[in-house]
Amino acid sequence: MRSNPSDYEMVAPGNLNSIVSLLASEPGVWLPIAGGTDVMVQYAAGKLPARKLVSIWNLPELRRIDVTASEIRIGAGCTYTELRKHEVVAREFPLLHSAARWTGGIANQNRGTIGGNIVNASPAADSLPALLVYDAELILVSVRGEHRLPYAGFHTGYKKTLLAPDELIQAVCLPRRFPGYFSHARKVGARNSQAISKVCIAALGRLTDGVVEDIRIALGSVAPVPLRLTETERTARGNVIDSDLLLLARKAAIAEIRPIDDIRSTARYRAAVAGNLVAEFLKLLSSQRTMRNDAGVNAILTQWNRLPIDEAVHEILPCCGSKAWGRGMVAKRPFESEAALLAASDETWRDLTKSDWMEAFDSHPRIGESRSSLPLSPAQSVEWSAQEQRNVGEAEAAVKKALANENREYERRFNRIFIVCATGKSAQEILEILRSRLDNDSDTELHEAAEQQRQITQIRLKKWLQG
Ligand SMILES: Cc1cc2nc3c(=O)[nH]c(=O)nc-3n(C[C@H](O)[C@H](O)[C@H](O)COP(=O)(O)OP(=O)(O)OC[C@H]3O[C@@H](n4cnc5c(N)ncnc54)[C@H](O)[C@@H]3O)c2cc1C
């Protein structure tokens, strides 16, 4: 830590009026802090210029999501977790939903807010391209009152915004006029989660009789600000998507962006990826003519059905842990319903080899522990394991100790960790199951563990579809 806490003052008035009055009393002196996921990084690095912080975390006025017939109004203090879990966001604004799912890890999603992402003004911010294509508007508030302005144009340069020093973003409004559009989001980075984008895309499109009737494309990490590709859109609008158009659109996109070299990537690589992402989106859009109607299909499943292969494997992997299972599931796409997905999971799991099963077993922590032996278990898998084992965490010390001893005995006998579908079971029940399975011969026990993993995967798939 390169900052000294005693150099800083922090207040938390707890209501919007007092906060905007404080901001107005000394404009530019008080820095709002919401989830703190950007501010605290600057603080820890000794690079936070402000010395006075005012907390806006958990303010009721900034934490609501209101849905009217014409728009959804998302409080700027809403977290990514809240966005991920909101039914209307998931159904009607899948680009924002995807961005919320792959911003940081679970802890980050519980703290990071949409308002913070906008004001932090990083050109690599994941949610901002979605706001551009959805024609978002911002509501700003200060002692002078509220005013509403289009989000496009809010970022005026690298890390620069139109926000006055005495203003807060109160809400982000999205018009509900994009049902029926094909949507596509993709983040190219070292990983999907826990990694800043090298390039990301959010795009919407609609065809009429095979002709591009409307198209909206935005990219992140290719210019000082998140960029709407208006020239590329113009190139595509009114045309049939064929190889000539793909070439023209790719060129138009590369001409529109202004990427730079930095620690994450080079300008050349970013330009090539940007062209590829635009061409990929157009190809997917053109394939919509031949795809079934997605109406009524779970929004997450619809998105996942269309993801490129590697990304689709990565997304579904935490449900099971075996890469062969993930690849098998991706090969069986598209799925039209949860029931079809669950049935395919059982079939895929049954056909795997013993070493694939072992890979899935190894992705779990021991009962009573929070981390698997794998150093890079996906954050989603870690969170689900914690939920599944909730009762064990709350058990008496003697039961926990007995579980630890019997776990060791199991590993000595079978040479792998004990797998049980722990959801809804008490620690005492799990202990009894563990003791009884110690009597199994190795083949019976392997199949019992595989059956338990099958059940875990089914539960996780259902949670995954809920977002
Ligand atoms: C480990 C880690 C991983 C991350 N991964 C990603 C990622 O994958 N993608 C991504 O886009 N970002 C990522 N981030 C960045 C960060 O989490 C997001 O930008 C987040 O949305 C910031 O929100 P916050 O509430 O934490 O902002 P804060 O840190 O509280 O504030 C950030 C800035 O916004 C201002 N601010 C906040 N709310 C308001 C408001 N309502 N009105 C006016 N000003 C306001 C603050 O004054 C400050 O200047 C990551 C950060 C960390 C630490």
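Extension gain, A255-A107: 0.36 nm per intervening residue step, less the Cα-Cα distance, totals 49.5 nm.
The Cα atoms of the range 1-177 define a convex hull whose projected area, averaged across directions, is 9.8 nm².
One Cα centroid belongs to the range 303-333, the other to the range 1-61; the line between them spans 42 Å. Annotation: Cα Rg of the range 201-272 relative to the compact-globule expectation 2.2 N^0.38 Å equals 1.18. Can you give the angle from 0 to 90° between the axis of helix 338-350 and the longest principal axis of the chain, with both taken from C-alpha atoms, to the nearest 10? Value to nearest ten degrees: 50.
Distance between the 7 Å Cα→Cβ label points at I309 and S355: 2.0 nm. With the largest listed first and rounded to whole Å, the semi-axes of the equivalent ellipsoid of the range 174-323 from the Cα gyration tensor are 23, 23, 13.
For D214, the amide hydrogen comes within under 5 Å of the amide hydrogens of R206, counting only partners 5 or more places away or on other chains and with H modelled in the peptide plane. Summing charges over all other residues whose Cβ lies under 13 Å from the Cβ of L227, with Lys and Arg as +1 and Asp and Glu as -1, gives +1.
Once R0 is set to 25 Å, what does the formula 1/(1 + (r/R0)^6) return for the Cβ-Cβ distance between A164 and L16, expressed as a FRET efficiency to the nearest 0.05? Working from the Cβ atoms, E equals 0.95. Once the Cα-Cα distance is subtracted from the 0.36 nm per residue extended length, the K85 to F414 segment shows a gain of 114.5 nm.
With the cut-off at 20 Å, report for the range 323-467 the share of all Cα pairs above it, as a whole percent. When all Cα pairs of the range 323-467 are counted, 49 percent exceed 20 Å.
With Cα atoms as the point set, the radius of gyration and Dmax of the chain evaluate to 24.6, 75 Å.
Can you pick out the pairs among K401/K462; K52/K85; K198/K354; K160/K283; K198/K332; K187/K463 whose Cα atoms lie more than 26 Å from each other? Long pairs (Cα-Cα over 26 Å): K401/K462; K52/K85; K198/K354; K160/K283; K198/K332. A crude spin-label estimate for the pair K323 and R177, with each label 7 Å from Cα along the Cβ direction, gives 4.7 nm. Given R₀ = 45 Å, what would the calculated FRET efficiency be for K283 paired with K52, taking r from the Cβ atoms and rounding to 0.05? Efficiency computed from Cβ-Cβ geometry: 0.30. The angle separating the long axis of helix 379-388 from the principal Cα axis of greatest extent in the chain is about 50 degrees. Working from label points 7 Å from Cα in the Cα-to-Cβ sense, the A398 to R148 distance is 6.4 nm. Against the chain, whose longest principal axis is taken from its Cα atoms, helix 267-287 shows a tilt of about 80°.
For T81, neighbours were defined as the other residues whose beta-carbon sits under 13 Å from its Cβ, and their charges (Lys and Arg +1, Asp and Glu -1) total +3. Computed extension gain for V211 through N276, at 0.36 nm per residue and net of the alpha carbon distance, reaches 21.3 nm.
Values in this text are rule-based calculations from the coordinates and carry no lab data. Since the structure is predicted, the reported quantities are computational estimates derived from the model, not experimental observations. Because the Cβ atoms are built from the backbone with ideal geometry, glycine has one as well, and the counts that use them run over all protein chains shown.
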